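A short worksheet on the structure shown next.
Readers should treat all values here as calculations from the given coordinates under stated rules, not as data from a laboratory. Owing to the predicted nature of the structure, the values given are computational and were not obtained by experimental measurement. So basically every Cβ, Gly included, is an ideal-geometry build from the backbone, and we count neighbours across all protein chains shown.
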Amino acid sequence: MLVSALLAVTLAGSDAVTVLPCVDELTARAGPSLSAARVGVIRRGTSLKLLETTNVQESFSLTVDRNVPAPIKFEPHDVWLKVALTTDGGVASGWVYGGLVCRPTLTASDGQFSVVGWSQDGARLAFIERAPDSYACAWGRPSVLRIVEVASGKDLFALKDDCPPADLLISHRAELTVALRAHGIHFAWFIALDSKPLAVALEGRRVKVLGNGVTRAELPVDFPVQAIDDSSGFPKAQLIAVLKRPGLDVAVVRVQASEENHRYAARGLSDEVKDAWRDALPGVRLTGTPLGRCDGMLQGTASDVKAAKALEGLTAELRRRLEKKYRKVLPDEFCLAGAGRSAKGLELTFVPQQCHGNECPDDACKAALEFTVSRGFAVLSEKSVKFDGYTCDP
């Protein structure tokens, strides 16, 4: 799988991105190869500072047979990672095989929250949350993999394992591979983080992420929150990190209902999300102004001839569909009345120019036409939606 090339940016006051061995003992080697000399052995649960990765990928069959009810056979395919070693008197760093390492952790050494990866367009995030219990299942304690749409915070997929025989990434390798591919998730190792002056507030079944007193994101709490017990101080919410993506910052929040019951959620911060649609098509920066003045059809700046041609073809296809829909209106031009980005692609809403800003237009203006466009510049769907600019109905 494609490995993210994002550089590591540390949170203020915290260490760099760390990873954890997913097996009882992990061999560190002098180079990124199974044939390289051993330079150390790392125990499970040891927090490792991630230094760099290599494009060298390797596959081999492995059987996990310690501390599990039955041996687990799987064939990982992953890259090699360079990590800092803390062995007294030994070498300062070594290489470990990524297929046996838990993905980047953003919580304490127990690794309750691990980032698995992103979709290429940054619209979806995959992560694993582990139960804050007393290790009742040893290292294979209860965990959930979630794939969320960061624009809405909505769960797109969840795989729960109440008491896995090994780390979820190992024991459910086949299921996770299918799910991650279905949602276009690519594994990530380095995670770009940022320090933001943000606060969180738990209000009923919602968590608000606040910046300078303004709500930047709002997340639902999807498990029962018990009444606050003065002795325990539950429920509570905590901002874990802000993950940086091109044109988008995503807040990660931990909501805790009790000592044994918690949930992680993630959502893009609002002032970044509202313009994320402008970079939804590869090689194009869309420049129109939705809901403002009428800028005509689809405006954009292309990075190369191929992207310019694709944008030109898309614009022509959208115009053809609009002219077919609004034949009775006979507009001189169409207006981009709304835009956004979703898990499916670029969402665009158009109305005829004579409908834009007109409080009492003809009946033909009561509906706008909404399109979903893929990253390949193809129109996936179209549908009529109520046009909010029409305000003269009794």
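The simple Förster model, with R0 at 30 Å and r as the Cβ-Cβ distance, assigns Ala302 and Ser270 a FRET efficiency of 0.60.
Peptides 176-188, 51-63, 252-264 ordered by packing proxy, namely the average of other Cβ atoms within 10 Å per residue, highest first: 252-264, 176-188, 51-63. Taking packing as the residue-averaged number of other Cβ atoms within 10 angstrom, the listed peptides 40-48, 96-104, 206-214 run from highest to lowest as 96-104, 40-48, 206-214.
Stretching the chain fully between Glu175 and Arg375 yields a gain of 69.4 nm (0.36 nm per residue, less the alpha carbon separation). Within the same chain, lysines fewer than 8 places from Lys49 are excluded, and of the rest, those with a Cα less than 30 Å from its Cα are Lys73, Lys82, Lys160, Lys196, Lys236, Lys244.
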